[in-house]
Amino acid sequence: MARFSYASAVAALKSGDRIMVTNPDPSKAGDIRRFHLIGAGGGLTSATFAKLVPDLVPVGDGLFADEPSQTFVWGGET
């Protein structure tokens, strides 16, 4: 799976892509939190995601009503 740089991720998000966050599976030792651009089909490092967070807006994705959103769109300057 391709990894996107910060600039590539911003471009994809500004074009309407979304980030899906997959939380670690507690039944799998060593599983990690993953960040994925849905439309572009590639991953982000946790550092890239952290840099994007100030400009992201959570989307009510309806996966788990009582949990924080796992899907984010661009909310920063266009």
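Test of understanding: in a Gaussian network model of the chain with alpha carbons linked when under 10 Å, which of S15, S46, S27 would top the mean-square fluctuation ranking?
With Cα springs under 10 Å in the chain, the top fluctuation among S15, S46, S27 is at S27.
Out of residues 5 or more away from G42 or on other chains, whose amide H comes under 5 Å of its own, with H placed 1.01 Å from N in the peptide plane?
Correct list: L37.
I need to check one value: relative contact order of the chain, counting alpha carbon pairs closer than 8 Å and at least 6 residues apart, in percent.
About 33 percent, as a whole number.
What is the chain by shape, rounded, prolate or oblate, if you read a ≥ b ≥ c off the alpha carbon gyration tensor as root eigenvalues and call it rounded for a/c under 1.5, prolate for a/b larger than b/c, and oblate otherwise?
Verdict is oblate for the chain.
State the percentage of accessible surface on the chain attributable to carbon and sulfur atoms; use a 1.4 Å probe and exclude ligands, DNA and RNA.
55 percent
Please give the FRET efficiency for Q70 paired with A7, using the beta carbon to beta carbon distance and R0 = 22 Å, rounded to the nearest 0.05.
0.40
In whole Hz and in residue order, list the ³J(HN,Hα) couplings for region 30-36 that follow from phi through the Karplus curve 6.51 cos²θ - 1.76 cosθ + 1.60, θ = phi - 60°; x for Gly and Pro.
x, 5, 10, 6, 10, 10, 9
Taking the solvent-accessible surface of protein heavy atoms with a 1.4 Å probe, what is the per residue accessible area of the chain in Å²?
64 Å²
Taking θ as phi - 60°, what are the ³J(HN,Hα) couplings along region 16-27 by the Karplus curve (6.51, -1.76, 1.60), each to the nearest whole Hz, with x for Gly and Pro?
These are the phi-based 3J(HN,Hα) values: x, 5, 10, 9, 10, 9, 10, 6, x, 7, x, 7 Hz.
Once amide H atoms are built 1.01 Å from N in the peptide plane, which residues 5 or more positions from L56, or in another chain, come under 5 Å H to H?
Under 5 Å from the amide H of L56 lie the amide H atoms of G75, each far enough along the sequence or on another chain.
Using a Gaussian network model on the chain with a 10 Å cutoff between Cα atoms, which of D17, D25, D55 fluctuates the most?
Looking only at D17, D25, D55, the largest GNM fluctuation is found for D25.
The values are calculated or read from the model by the stated rules, or taken from the named source; none is laboratory data. The shown structure was predicted, so the numbers you read here are calculated from the model rather than taken from an experiment. Note: ideal-geometry Cβ built from the backbone for every residue, glycine included; neighbour counts use all protein chains shown. All accessible areas refer to the heavy atoms of the entire protein, side chains included, with ligands and DNA or RNA removed. Shrake-Rupley method; radii C 1.70, N 1.55, O 1.52, S 1.80 Å.
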